[in-house]
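Inspection log for the structure reproduced underneath, given as structure tokens.
The values are calculated or read from the model by the stated rules, or taken from the named source; none is laboratory data. These figures come from a predicted structure and were not determined experimentally. So basically every Cβ, Gly included, is an ideal-geometry build from the backbone, and we count neighbours across all protein chains shown. Calculation scope for accessible area: heavy atoms of the full protein, side chains included, ligands and nucleic acids excluded. Shrake-Rupley method; radii C 1.70, N 1.55, O 1.52, S 1.80 Å.
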Amino acid sequence: MKNRLTAKDLINVGIYTAIYLVIFFVTGMIGAVPILYPTIFILTPILTGIPFMLFLTKVEKFGMVSLMGIILGVFWYFMGYTWLAPVVYIPMAIIADVVMNTKKYKSFKVNTIGFWLFSCAELGCQMPMWVMADTYMEGVKQQMGEQFATDLAKYMPPWMGIAAIGIMFVGAVIGANIGKKMLKKHFERAGIA
């Protein structure tokens, strides 16, 4: 019974998922300028690091991080990011949850690795431009114009998906550390070292 998620846990998931989404959305606006699109991979984990690390001070049960990832994956699917969003978000969130749960969400280092894995789920939103390039870019041309599609393909080549994993690691480490410094009292209260 103690391991089951309570109403309070679900409320925390809802609140922090909403905060995460707003920051993610605002950061994603940078993608409106194709040359700046790759910066999303470092900025998103830096900026979402603060609320995510605060969220982890509330997590004591396995499943809360997974649930956040499921909500995000489904949300991005309905926002038009294709089936790849949930297919990447859900397993990455579960893996992140499993990793953090190994230390019961109390190890800052392990939580940082989990946050990085969770951040990598974002690639599910960008994957269509690489794995469904023709269809995706045709849609971009119709919505944003041919010049935008050409520039996007230029600044977001397929190898960027692999480079993004390393870039996100740097962003996740920076974001987690900023979160830890800003939320020192919360970390101490939650027993995260």
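Miscellaneous remarks
- Volume per residue of the convex hull around the Cα atoms, evaluated for the chain, comes out as 106 Å³.
- The chain: angle of helix 7-28 to the longest principal axis, Cα-based, in degrees nearest 10: 30
- Value of Rg to Rh for the stretch 32-71, rounded to two decimals, is 1.14; Kirkwood radius and Rg both from alpha-carbon coordinates.
- Normalised per residue, the volume of the convex hull around the Cα set of the stretch 50-107 (Å³): 71
- Apportionment of accessible area to carbon and sulfur, the stretch 47-91, percent (1.4 Å): 74
- For the chain, built as a Gaussian network whose Cα springs stay under 10 Å, the top-fluctuating residue of SER107, SER66, SER119: SER107
- Net charge dipole, the chain: roughly 1220 debye, given to the nearest 20, about the Cα centre with Cβ charges of +1 for Lys and Arg and -1 for Asp and Glu.
- Kirkwood-type radius of the stretch 97-174, with distances r between different C-alpha atoms, in Å: 14.2
- Relative contact order of the chain, taken over Cα pairs closer than 8 Å and 6 or more residues apart, is 29 percent.
- Each label point was placed 7 Å from the Cα along the Cα-to-Cβ direction; for THR150 and THR6 their separation is 6.0 nm.
- Modelled FRET efficiency - R0 35 Å, TRP83 with HIS186, Cβ distances, 0.05 increments: 0.45
- Comparing PHE118, VAL98, TRP130 along the charge dipole axis of the stretch 87-193, the residue lying farthest to the positive side is VAL98, per the Cβ-charge model.
- Directionally averaged shadow of the stretch 1-49, computed from the convex hull of its alpha-carbon atoms, nm²: 4.0
- Tail weight of P(r) past 23 Å, computed on alpha-carbon pairs of the stretch 1-96, percent: 26
- Highest-MSF residue in the chain out of ALA93, ALA176, ALA153 [GNM, Cα springs under 10 Å]: ALA153
- Quarter of the Cα convex hull surface for the stretch 51-160, i.e. its orientation-mean projected area (nm²): 7.4
- Residue with peak Gaussian network fluctuation, the chain [Cα springs, cutoff 10 Å], from LEU117, LEU72, LEU152: LEU152
- Inter-part distance where the stretch 136-193 and the stretch 66-120 are each reduced to a Cα centre, Å: 14
- Distance violations [Cα-Cα > 31 Å] among LYS103/LYS181; LYS109/LYS154; LYS61/LYS184: LYS109/LYS154
- To put it simply, the accessible area of the stretch 99-144 at a 1.4 Å probe is 59 percent carbon and sulfur.
- Label positions at LYS104 and ILE178, each projected 7 Å from the Cα along the C-beta direction, are separated by 3.1 nm.
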